[in-house]
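Written out below as C-alpha cells is the structure these notes cover.
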Amino acid sequence: MEFPQPIALSDLKPGEAGRVESVDGDDALALRLRDLGFWPDTWVECVRRSPFGDPTQFRLRGYTLALRCDEALRVHVLRESD
Amino acid sequence: MAGTKTIALVGRQNAGKTSLLMHLSGTMQHPVNFPGSSVERVEASATVGDTKLLLVDLPGISSTSAVSPDEELALSYITEGPRPDLVCVVMDASKLSVELGLLKSLSSLGVPLVCALNKADVAEQAGATVDHTKLGELLGVPVFPTNGATGEGVAELLDFFGSEEVVEALDLGSLVPDELAKQVTKDLGVARQSLTERMDGILLHPILGLPIFLILVFGVFQLIFTGAVPFMDLIEDGQGSLQGLVAAGLEPGALRSFLADGIIGGVGAILIFIPQIVILILCVSLLEGTGYMARAAFLLDRPLSKVGLSGRSFVPLASSFACAVPGILATRTIENERDRIATIVVAPLMSCSARLPVYVLLIGAFFPVDQAGLILLAMYMLGIVVACAVSWILRRTKLRGSQSLLMMEMPVYQKPSWRVVGSQVWTATRAFLVMAGTVIFATAIIIWLLSYYPRPADVHEGFDFQRDHVEKRYPQGGEAAKKALKKIENLESKAYREQSYLARMAKFIEPVFEPAGFDWRITVGVLSAFPARELVIPTMGILYGVGETDAGTYQVSWLEGKPDRDGLRARLQDARRDDGTPAFSPLIALALMVFFALCSQCMATLAAIKRETHSWKWPIFTFTYMTALAWVGAVLVFQVGSALGYA
C-alpha cells in the first residue's frame, strides 16, 4: 500500500485541495502561517493564481487568503483527489 | 471612586473592530499615537449609568507572537501598560476556529476576557450559524453576538462593559479550537456558490481581471478630476471675490498684497486641493470597505514585488497621482518597514494633480495638439518608470533586507460601512488641512515676502511718470485709458518682481540651470513652486508681463477646457531672455516638464514623509535624490536634444 507523499502547498494546482501535514520552521513566517489556521489536518483548497502567476488564492477554515509562492512553500499538504 | 474603566478591543484585522467601536461610542473617536511611533490606537469614550468607559481600538493582531511594530504595540498595551480593565476579543463568526485559536493564545496573557462574536451575517451567507450561548457556556467566557454593520447587540455589550460584573482571567490552554468550533456551529447545508466566489470569478478572471481593474482605476481618476471641478470653481470664485474685496478696500501696498496674494492666495492654494482629496479618499475607502482592494493587491503583487514594493503599495501610489500627502499617509497598511519606506520615498514621483496645470500650460504652448496626449502620458510614465528604478535600487542598497510577507486575507465582499467611510474621509482631510495647510501656508508667505520685497521707490516713480502721461493723454478716461493703465500695472508688477529677493536668488543660481536651458525667470518660477507646484503659473504670469494670473483659476479653467485665459500661453511663446533670444522652445519646455515631473518641490509632501517615518533622514533623502534626478533629467533632455538639433 502506497502512502501519499506530502507536497508543498505551492504545488497544489487551482481546483485541487489537500490536508495540511505540517508547517516548516519557527520564524515569523511559520508562526504567522499557524496563526492563520494552517494546523495539521486542516483542509485547504487552491482557488486560483494571479494573472501574473503569483500570489495564489487559497481557501481554508471558511475564508480565503492570498499567499506568495515562497510563503506557500512552507506548508506541506497531502493532496486529496475528489 | 467612579473612575474610568478601560476596555481594549482586540482582534484580527478584518474582524470589524473599527465599526464596532463606532457603534459603541457615540462620541468622536480620537487617534492616539503610541509614544515615539506613527502607529495609532483609536480611543473613544462612552458612559453607562455612572460608569465612564474608555474604549480603545488596538491595531489588529493574529496571535500573541508579534510580527510587526503594530502588533508589538498592541500586545504590550495589554500586557505591560496601561493594562486595560477588560479585554474584548472581537471575533469573526465566519472564521470561528481560527478566532478561537487567537482567543486561546490571548488567554495565556492573564487578562480578563470577553468575546464579541461579530459578522454572524457573513457566517450565515457562508452557510453556517454559531450558537453563541453554547459557546459562552463551553468557554466560561461571556460571549456577546454583535453586528458591526448594523449595531445590533452593541447595547448589550456596552451594558456589560459598564456593569459591576467581575470577569476572571481564565486559562484556555486546554481548548481545542477545531473541536469547539464544530460543537457550536450548525451547518445550514447551503452549498451554493457565494456571491463573493462568483464576483471573484469575474474580477480575478485570468484574462478579464486586469482590464477590469484598469477600467476601475481610470474611472476613479476621471471621477476625481471631473467631480472636483464644480467645487474648485466655487473655491476659486470665493477666492476671487475675497481678493476683490481686499483690492477695493485697501490702498495698493504691502498690506493689500500680503492679504490678497500672501494670505488669501496661500489659503486658496491649499483649499483648491480639498475637493480632489475628498473624492480620492472616498473612492479608496469605498473600494477598501467593499473588499476590492485586496483583489487589486492580489493582481499587482508580483510586478510590484519585482521592483521592491508590495501589493499593498498600490493604494498609496495610486493615491499619490492625485496628491502624495494622503498617499503617504495610506502607507500605514504596509507592515514591512522597508517596503513601507520604499513606497513613501517613491510616492512623490507619481505625477500629482498640482503638476498637471504646468504640463498642460507648457504642452499647450509649445507642442502641436496631436502630440499633446502622448507627451502628457510620457510625463506620467516617466514618474512611474523612475519610481520603479529608484525602488529597485533602494531595496538593494539602503533598504536591503527581507521581503515583506503578503499573507493577505481576501475578505468577503460586503457593503461598506458609511460610518467608517465617513470617518476615514474626515480623518484624512483633516490631516491634510492641518499638516499640508500649515506647511503650504508658511512657505507661501515666505515666497510672498521674497517676491514682494524690496520695493524701491524709483521703480514706483518711474511708472507713476507713465501713469501721469496716460492721464494727460486721456483726460476723460475711457476704454483706451483703462487698457493703457492696466498695461502699466502689469509692467510695474513685472519690474518689481524682477528685482525682488527671489529674483536675485534666481539670478544667482542661474548658472546651475543654464545647462538645462532655463534662464533666471524660469528659475524664479521653479523656486516659487516650492510651497505648491501650481504657484509657478502666477509667477510666470507676472514675470512675463501678463499680470496677476491666479493658480486656482488656471487649474479650473484648463479642466473646463479653456486653458488660455489671460493669454499666458501666447506670452510664453513670445517670452524673451534679457539678451533678446526666446526664453522658451519646445525643447526647453520639455526639459522644464521633466524637471517638474521629477523634482521634490512640495513641502507638504516632505512634511508628511517626516511624520510617517519619524525622522528627518527620509524627507531630506527624498528631497535630495528627487531634486538631483530632476536636474540631471532636465539637463539631459536639453543637452541631448540640442545635440540632436532640436534647440
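The table that follows gives values for the structure above.
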{"item": "Meets criteria (away from chain A (no Cβ under 14 Å) and in a helix (DSSP H, G or I)) for B:Leu210", "result": "no"}
{"item": "Residue count for the stretch A:21-32, restricted to those that are within 12 Å of chain B (Cβ to nearest Cβ) and within 17 Å of A:Pro6 (Cα to Cα)", "result": "0"}
{"item": "Condition met for B:Ser97 (surrounded by fewer than 21 Cβ atoms within 10 Å (Cβ to Cβ) and over 23 Å from B:Glu335 (Cβ atoms))", "result": "yes"}
{"item": "Top-ranked residue in the stretch B:423-464 [being of a type outside the set (D, E, K, R) and outside any helix (DSSP H, G or I); ranked as farthest from the chain's Cα centre (by Cα)]", "result": "B:Pro456"}
{"item": "Any hit, the stretch B:191-198, residues being modelled with pLDDT of 85 or more, more than 27 Å from B:Ala93 (Cα to Cα) and not acidic (Asp, Glu)", "result": "no"}
{"item": "Output for the stretch B:51-78, where each listed residue is at pLDDT 85 or above and among the polar types (S, T, N, Q)", "result": "B:Ser76"}
{"item": "Residue among A:Cys46, A:Cys69 that alone is more than 7 Å from chain B (Cβ to nearest Cβ) and touching a helix residue (DSSP H, G or I) at 6+ places or on another chain (Cβ under 6 Å)", "result": "A:Cys69"}
{"item": "Breaking point among (1) surrounded by fewer than 19 Cβ atoms within 10 Å (Cβ to Cβ); (2) over 22 Å from the mean Cα position of the chain (by Cα); (3) under 25 Å from B:Glu409 (Cβ atoms), for B:Leu286", "result": "(2)"}
{"item": "Verdict on B:Val48 being away from every other protein chain (no Cβ under 12 Å), modelled with pLDDT under 85 and more than 27 Å from B:Leu195 (Cα to Cα)", "result": "yes"}
{"item": "Test: residue in the stretch B:401-412 that is more than 14 Å from chain A (Cβ to nearest Cβ) and either surrounded by 16 or more Cβ atoms within 10 Å (Cβ to Cβ) or free of Cβ contacts under 8 Å to residues at least 40 places away in the same chain (or both)", "result": "no"}
{"item": "Count - residues of the stretch B:256-313 that are within 14 Å of chain A (Cβ to nearest Cβ), of a type in the set (D, E, K, R) and farther than 19 Å from B:Leu204 by Cβ", "result": "1"}
{"item": "Search result, residues across the stretch B:331-368 that are small (Gly, Ala, Ser) and modelled with pLDDT of 85 or more", "result": "B:Ala342, B:Ala347, B:Ser351"}
{"item": "Selected residue (criterion: nearest to the chain's Cα centre (by Cα)) from residues of the stretch B:465-507 that are closer than 22 Å to B:Ile445 by Cβ and aromatic (Phe, Trp, Tyr)", "result": "B:Tyr501"}
{"item": "Flag if A:Arg74 is of a type outside the set (Ser, Thr, Tyr) and either buried (at least 23 other Cβ atoms within 10 Å of the Cβ) or at the interface with chain B (Cβ under 9 Å from one of its Cβ atoms) (or both)", "result": "no"}
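The values are calculated or read from the model by the stated rules, or taken from the named source; none is laboratory data. Small disclaimer: the values here were computed from a predicted structure and weren't measured. All Cβ positions, glycine included, derive from the backbone under ideal geometry; neighbour counts span all protein chains shown.
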